[in-house]
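Trainee: One structure follows; several queries about it will come next.
The values are calculated or read from the model by the stated rules, or taken from the named source; none is laboratory data. These numbers were taken from a predicted model, which means no experiment stands behind them. Note that we place each Cβ from the backbone using ideal geometry, even for glycine, and neighbour counts take in every protein chain shown. We work out accessible area using only protein heavy atoms, side chains counted, and drop any ligands, DNA or RNA first. Shrake-Rupley method; radii C 1.70, N 1.55, O 1.52, S 1.80 Å.
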Amino acid sequence: MKKSIPYYFLFPGIVLLLFFLMIPLCSILWPTVFPDGFSLSAYSAFLQDEYYLEILVRTIRISIISTIVCIILGIPTAYFISRCSAKLKGVFIAISIFPMLTNSVVRSFAWINILGKNGVINNMLLGMGIIDEPIRMLYTEFSVIIGTIYLFLPIMIMTLVGVMDHIDNDMMEAAESLGANKLKAFIKIVLPMSVPGILTGAVLVFTGALTAYTTPQLLGGNKSLVLATLIYQRAMTLNDWSGAGVIACIMIVITLVVMKVLNMLAARLDKRGELDA
């Protein structure tokens, strides 16, 4: 007999989300759509402004690059961890999530010491005679990408480890016994079975990179503004809450579109898997 689900247990969570998330969010977004009646002029003006459009494109570019690099670095790392013994797996997981245990401000300041003109990298290159003067790496799009990857790579690794743990080693051994080398067996067996974890991790990394504030603010400064730092500037510096609401709404729409696209991709891949089976 199927037990009934006590839906009333959801009531406290729904109340909290309604009063502390939805209502404040709607109070910010409503004036952007209904200033004096329905109008999308604020959004049209934002998208037609070259300065704001450049920031929008930069934010999406940073998010996409960070997501791709996290996938490339996360897949082999997660596979290695998933194939370790239980004791070593615990050690490597602890090492992987260690950066998440420190404050993002501390992590960003660490990268300032590494990427700065008098930082570790420049001092090393100068000492080796590779360069004659310090390279400008800090307060650039490059530094924001590096900080973002460092920030969200553990999330990608942990997501993939949970998926790869359930992939049986016997499948790899069977593929190798049929003539496939380890790389080909990995591409044909492990990679397709890891797609759900890759897509989930991609959503988490992309949305996190899109909305990150501390890392772009400290590593990018005012020369590499992203949407999150632009929101702070509009709201706290210029006291333009309506303009900040427009940017926030655009970020929400981008996030929903990306999630929808990745979900459609996952559904298509699942359907293809059923047809192949």
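Trainee: When the Kirkwood radius is taken over all Cα pairs of the stretch 145-277, what Stokes-Einstein diffusion coefficient follows at 20 °C and 1.002 mPa s, in µm²/s?
Mentor: For the chosen part, D equals 122 µm²/s.
Trainee: Over the chain, what is the relative contact order in percent, taking alpha-carbon pairs closer than 8 angstrom and at least six residues apart?
Mentor: 25 percent
Trainee: Something else now. Taking 0.36 nm per residue of sequence separation and subtracting the Cα-Cα distance, how much length would be gained by fully extending the chain between Asn239 and Tyr7, in nm to one decimal?
Mentor: Stretched out fully, the Asn239 to Tyr7 stretch lengthens by 79.4 nm.
Trainee: Suppose every Lys and Arg Cβ carries +1 and every Asp and Glu Cβ carries -1, with no other charges. What dipole size does the stretch 1-83 come out with about its Cα centre, to the nearest 20 debye?
Mentor: Computed about the Cα centre, the dipole is about 720 debye.
Trainee: Right, here's the next one. With a 1.4 Å probe and every protein chain left in place, tell me how much accessible area Asp168 has, in Å² to the nearest 10.
Mentor: 80 Å²
Trainee: Using the charge dipole of the stretch 146-277 (Lys, Arg: +1 at Cβ; Asp, Glu: -1 at Cβ; taken about the Cα centre), state which of Val226, Thr237, Leu153 has its Cα farthest towards the positive end.
Mentor: Of the listed residues, the answer is Thr237.
Trainee: Next question. What does the charge count around Ala42 come to, taking other residues whose C-beta lies under 12 Å from its C-beta (Lys +1, Arg +1, Asp -1, Glu -1)?
Mentor: Result for the local shell: -2.
Trainee: Can you give the accessible area per residue of the chain, in Å², using a 1.4 Å probe?
Mentor: 61 Å²
Trainee: Still on this structure, please answer the following. Stick to Cα atoms and the Kirkwood definition of Rh, then tell me Rg/Rh for the stretch 63-181.
Mentor: 1.11
Trainee: How do Arg58, Arg268, Arg136, Arg83 rank by accessible surface area computed with a 1.4 Å probe, from largest to smallest?
Mentor: Final ranking, largest accessible area leading: Arg268, Arg136, Arg83, Arg58.
Trainee: I would also like to ask the following. How high is the relative contact order of the stretch 175-263, in percent, with contacts defined as C-alpha pairs under 8 Å that are six or more residues apart?
Mentor: 23 percent
Trainee: I would also like to ask the following. Kirkwood Rh, Cα Rg: Rg to Rh for the stretch 35-76?
Mentor: Reported Rg/Rh, Kirkwood definition of Rh: 1.30.
Trainee: Computed over the Cα atoms of the stretch 1-70, what is the ratio Rg over Rh, Rh following Kirkwood?
Mentor: So for the stretch 1-70, dividing Rg by the Kirkwood Rh gives 1.23.
Trainee: Calculate the FRET efficiency for Glu133 and Asn222 from the Cβ-Cβ distance with a Förster distance of 22 Å, rounded to the nearest 0.05.
Mentor: In this case the efficiency is close to 0.40.
Trainee: Moving to a separate point now. Could you give the distance between the Cα centres of the stretch 197-241 and the stretch 245-270, to the whole Å?
Mentor: 17 Å
Trainee: Per residue and in cubic angstrom, what volume does the convex hull of the Cα atoms of the chain have?
Mentor: Spelled out: Cα convex hull of the chain, divided by residues, is 236 Å³.
Trainee: Hey, another quick one. At a 1.4 Å probe radius, carbon and sulfur cover how many percent of the accessible area of the chain?
Mentor: For the chain, the apolar C and S fraction of the accessible surface comes to 69 percent.
Trainee: So for Tyr51, Tyr79, what's the accessible-area order with a 1.4 Å probe, most first?
Mentor: Per-residue accessible area, sorted high to low, gives Tyr51, Tyr79.
Trainee: How big is the convex hull of the Cα atoms of the stretch 115-179, per residue, in Å³?
Mentor: Residue-normalised Cα hull volume stands at 162 Å³.
Trainee: What is the extension gain from Leu29 to Glu54, computed as 0.36 nm multiplied by their sequence separation minus the C-alpha to C-alpha distance, in nm to one decimal?
Mentor: This chain segment gains 6.8 nm when fully extended.
Trainee: Rounded to the nearest 20 Debye, what is the dipole magnitude of the chain about its Cα centre when Lys and Arg each give +1 and Asp and Glu each give -1 at the C-beta?
Mentor: 480 debye
Trainee: Efficiency by 1/(1 + (r/R0)^6): what FRET value for Lys184 and Ile252, r their Cβ-Cβ distance, R0 = 45 Å, to the nearest 0.05?
Mentor: The value I calculate is 0.60.
Trainee: Using a 1.4 angstrom probe and counting only protein chains, how large is the accessible area of Val195 in Å², to 10?
Mentor: Spelled out: Val195, probe radius 1.4 Å, area about 40 Å².
Trainee: In nanometres, what is the gap between the two model label sites at Lys117 and Leu40, each 7 Å from Cα along Cα-to-Cβ?
Mentor: Inter-label distance under the simple model: 4.6 nm.
Trainee: Something else now. Under 8 Å for C-alpha pairs, at least 6 residues apart: give me the relative contact order for the stretch 102-228, rounded to a whole percent.
Mentor: Relative contact order for the stretch 102-228 comes out at 35 percent.
Trainee: With unit charges on the beta carbon (Lys/Arg positive, Asp/Glu negative), name the residue among Ala174, Leu21, Val253 whose Cα is farthest towards the positive pole of the charge dipole of the chain.
Mentor: Ala174
Trainee: Once you have the Cα-Cα distance between Asn263 and Ile64, take 0.36 nm times their residue separation minus that, and quote the gain in nm to one decimal.
Mentor: 70.0 nm
Trainee: Can you work out the Karplus-derived ³J(HN,Hα) for every residue in the stretch 158-175? Use 6.51 cos²θ - 1.76 cosθ + 1.60 with θ = phi - 60°, whole Hz, and x for glycine or proline.
Mentor: 5, 5, 6, 4, x, 7, 6, 4, 8, 8, 6, 5, 4, 5, 5, 5, 5, 5
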